[in-house]
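Peer 1: Below: one structure in structure tokens.
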Amino acid sequence: GVLIAAFNLLDKTTGYVNENVQNVVTGTNDAITAMDSATSSLSDTLSSAEEELSGINDNADLAQGLIDELAELESQTSLTAEQQGRMRTIVGELNSLYPELGVEIDASTGKLNKSTAEMRKYVEQSRKMKLIDAFTQAASKGYEDLAESHIALGKAQEQQTENQEVINGLLEEQARLYSLVDDGNGNLVDSTGKFVMSASELDTALQNNAND
């Protein structure tokens with residue numbers, strides 16, 4: 001009868017509520033997954049940056065040690081063939097570490113084209129610039145990922161609010177339908193006996209729901 005039809009409508013309403021609840025859960029889980037991924041990405045980025053920063057410092061320290069050795073060789077009045085060979089090796093290593101440093105040994109005089117003080121200054125300036133650049137890039141990459149995850153979470157929260165409004169309305173309808181009884185004349189009435197819906201009106205409601 002009309003009461004059975006009402007509960008059929010209730011079943012459909014319940015299914016829609018469950019579907020919306022699942023959408024809320026899915027959206028929230030997706031946002032949490034996005035945040036976890038961004039946090040992991042940030043951790044990986046900072047770890048990679050730490051390695052890069054360490055490499056920059058290691059190269060600079062190595063260069064400074066080579067410059068110290070070069071300064072000691074240059075301070076001597078005369079060099080043996082072995083020392084001259086070592087000097088050329090050091091110059092090659094410095095230029096390999098810092099190509100733009102451009103250290104050369106004059107073929108005729110055996111003198112360096114740059115003072116060791118200039119070399120030290122260049123290496124330290126290069127160290128600072130590379131450290132700043134590496135840290136800036138790492139921070140930008142990591143926090144960009146984190147910002148995107150917060151945006152995803154915000155959208156999920158907005159969707160959750162919208163879905164919750166729909167769910168609340170459906171839950172109210174559920175409660176109302178649960179409280180209805182058949183008056184024996186094909187009508188639904190509430191607990192006080194007040195008329196709520198006729199069989200024809202229920203048919204219309206069912207039809208509207210079927211078309212949704």
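Peer 1: Output the residues belonging to segment 71-94 that are over 13 Å from Met119 (Cα atoms), open to solvent by less than 40 Å² (accessible area, probe 1.4 Å) and touching a helix residue (DSSP H, G or I) at 6+ places or on another chain (Cβ under 9 Å).
Peer 2: Leu73, Met87
Peer 1: Being at pLDDT below 75 and aromatic (Phe, Trp, Tyr): is that true of Tyr178 here? Don't jump to the end; show me each part of the working.
Peer 2: Values: at pLDDT below 75: yes; aromatic (Phe, Trp, Tyr): yes.
Considered against the rule, which asks whether it is at pLDDT below 75 and aromatic (Phe, Trp, Tyr), Tyr178 comes out as yes.
Peer 1: So for segment 65-72 (the condition being closer than 20 Å to Gln125 by Cα and in contact with a strand residue (DSSP E or B) (Cβ under 7 Å, 6 or more places away or on another chain)), does at least one residue qualify?
Peer 2: no
Peer 1: OK, next. When segment 95-153 is examined, which residues are found to be open to solvent by 100 Å² or more (accessible area, probe 1.4 Å) and among the aromatic types (Phe, Trp, Tyr)?
Peer 2: Within segment 95-153, Phe135, Tyr143 meet the criteria.
Peer 1: Do you know which residues across segment 46-70 are open to solvent by less than 60 Å² (accessible area, probe 1.4 Å), without any contact (Cβ under 8 Å) to a residue 60 or more places away in the chain and not polar (S, T, N, Q)?
Peer 2: Residues satisfying the conditions are Gly55, Gly65, Leu66, Ile67, Leu70.
Peer 1: Is segment 50-57 home to any residue that is at pLDDT below 85 and in contact with a strand residue (DSSP E or B) (Cβ under 7 Å, 6 or more places away or on another chain)? Spell out the reasoning first.
Peer 2: First, pick out the residues of segment 50-57 that are at pLDDT below 85: 50.
Now restrict to residues that are in contact with a strand residue (DSSP E or B) (Cβ under 7 Å, 6 or more places away or on another chain): none.
Checked segment 50-57: no residue is at pLDDT below 85 and in contact with a strand residue (DSSP E or B) (Cβ under 7 Å, 6 or more places away or on another chain).
The values are calculated or read from the model by the stated rules, or taken from the named source; none is laboratory data. Treat the numbers as computed from the prediction; the structure is a model and nothing was measured. Please note: Cβ atoms are built from the backbone with ideal geometry, for glycine as well, and neighbour counts cover all protein chains shown. We work out accessible area using only protein heavy atoms, side chains counted, and drop any ligands, DNA or RNA first. Shrake-Rupley method; radii C 1.70, N 1.55, O 1.52, S 1.80 Å.
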